[in-house]
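Q: Before I ask anything, let me first share the structure, which is written out below as structure tokens.
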Amino acid sequence: MKHWKEAATVILAASIRQNGRVKMPIAATSKIQPNQESPNVAPFDYKVLMLQRTHRSSFFAGAQVFPGGGIDEADFSPKWMELFAEAGIKTLADFGPMVNISQNSRPPMIAVHRDSPIPSDIAFRICAIRETFEESGVLLVKPFSHLTTTKAPSAVQFGQHKLLGTSEAANLKVSKEWRQRVHKNASAFLDLCREYKSLPDVWSLAEWSNWLTPSDLPKKRYDTMFYLCCMETLPAANMDNKEIIQSQWLTPSQSLTQFVEEEYFLPPPQVYELQRLCRFQTLSELFSFSQQRALLGCLQYLPVRMNCNDGVISLLPGDSMYPKKPVFENIQGENIPVLDESIQDNTDQNSSQLNRQTFALGTRSVSTCRSVCSITHPNGHCSPLPLDECIDSIKSKL
């Protein structure tokens, strides 16, 4: 029996360089607009797209999230393979290495056999691209003319995604009505791609991580694939005013600073991943790392939460306290394990093997969420940078 819904999301990172120079955004505060600039800022040369959910949302209402959403049966439609074939992508080998990662390194949602000719690796990328278009208007597609049909495998390896800026792509002016049609019916996304002779640019999405909603949150749980997409130019993003009420391009430090200042709420996976991104100050570094690491697969992260006398510890795989057999089924709050000591005491006692998030009590939100890690990650992944180091470079300028 499944206890979660499957979903996919994109960490969309775009360059803010202009004419070889970096346009640096000023630190984000409640009194400063995110597009203002200052020379005294953290040295990121890219921003990440953050979308604010409506306060009526049934999951993380009002939170700032990466674009994405639930999988639809249309994302597994055999008609996608027909469309890929029209562009010369006729066999699984033509997709390149993304469909050849060792199954031993795959999360269950990707490794499981499905009754569909389209691989899960491709379907979840289509889902992420479709949802990104629905929520932000950013359309990650590759025109047929950009693919070399005679040498499809070598032409469509992982490569940095470029915003539609060529002469062929310039004619791809998708109307607002298409977003509405796709929002109402996921299968309309295939119709859009067919009409504009384009493919979802699944090659621009590098596998990044996989997060499962904790078992003690039984109302709505998701098993979500996180992908990373690096873009050479920063595209316009517009909220749909349905599921999304605000869109912002922010550096990882900016987003975390807004969170610490309690201007916006970030779900725990976003906090962890943004702290990871803070290890990469340039888009080229992030891109190179993500492309090489993606071919090593990723593990499923099921947070296991434990109550302390001053807050909550959320354990992640690799932590010395992480259970050997975590409970995947829904559990009631009263069944959450209770630790006698404080968060700090439990952290100090296990400092050599930490992979967790901590939530201290005493605030109006979970803005005290911190990702703490001292392990070497499997699958070639990096650890989150300590939160104080992520935001000090900005807060010291305020």
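The values are calculated or read from the model by the stated rules, or taken from the named source; none is laboratory data. Since the structure is predicted, the reported quantities are computational estimates derived from the model, not experimental observations. Cβ atoms come from the backbone with ideal geometry, glycine included; neighbour counts cover every protein chain shown.
Q: What pairs can you find where one residue is in the stretch 180-203 and in the same structural domain as I122 (by TED's automatic domain parsing), the other is among the hydroxyl-bearing types (S, T, Y) and assigned to a loop (DSSP other than H, G, I, E, B), and their Cβ atoms are less than 7 Å apart, with a gap of 6+ or different chains?
A: Within 7 Å, the pairs are S187/S77; L190/S77.
Q: Please state which one of I110, I126 is under 30 Å from Q254 (Cα atoms), at pLDDT 85 or above and out of contact with any Cys (no Cβ under 8 Å at 6 or more places or on another chain).
A: Step by step, each of I110, I126 is checked, and only I126 is under 30 Å from Q254 (Cα atoms), at pLDDT 85 or above and out of contact with any Cys (no Cβ under 8 Å at 6 or more places or on another chain).
Q: Got at least one residue in the stretch 333-350 being modelled with pLDDT of 90 or more and under 24 Å from T224 (Cα atoms)?
A: No, the conditions are met nowhere in the stretch 333-350.
Q: Does P384 satisfy the condition of being at pLDDT 80 or above and crowded, with 19+ Cβ neighbours inside 10 Å?
A: yes
Here's the yes/no breakdown for (1) at pLDDT below 90; (2) touching a Lys or Arg at 6+ places or on another chain (Cβ under 8 Å):
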{"site": "E168", "(1), (2)": "yes, no"}
{"site": "L172", "(1), (2)": "yes, no"}
{"site": "L192", "(1), (2)": "no, yes"}
{"site": "V202", "(1), (2)": "no, yes"}
{"site": "T224", "(1), (2)": "no, no"}
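Q: Picking from A123, A93, A85, which residue would you name as being part of a helix (DSSP H, G or I) and touching a Phe, Trp or Tyr at 6+ places or on another chain (Cβ under 7 Å)?
A: From the options A123, A93, A85, the qualifying one is A123.
Q: Now a separate question. Within the stretch 321-328, is even one residue at pLDDT 90 or above, in contact with a helix residue (DSSP H, G or I) (Cβ under 9 Å, 6 or more places away or on another chain) and crowded, with 22+ Cβ neighbours inside 10 Å?
A: no
Q: Quick check on my filter: what residues within the stretch 111-145 are touching a residue at least 60 places away in the same chain (Cβ under 8 Å) and either out of contact with any strand residue (DSSP E or B) (no Cβ under 9 Å at 6 or more places or on another chain) or hydrophobic (A, V, I, L, M, F, W, C) (or both)?
A: Those that are touching a residue at least 60 places away in the same chain (Cβ under 8 Å) and either out of contact with any strand residue (DSSP E or B) (no Cβ under 9 Å at 6 or more places or on another chain) or hydrophobic (A, V, I, L, M, F, W, C) (or both): I122, F124, I126, C127, A128, I129, V138, L140, V141.
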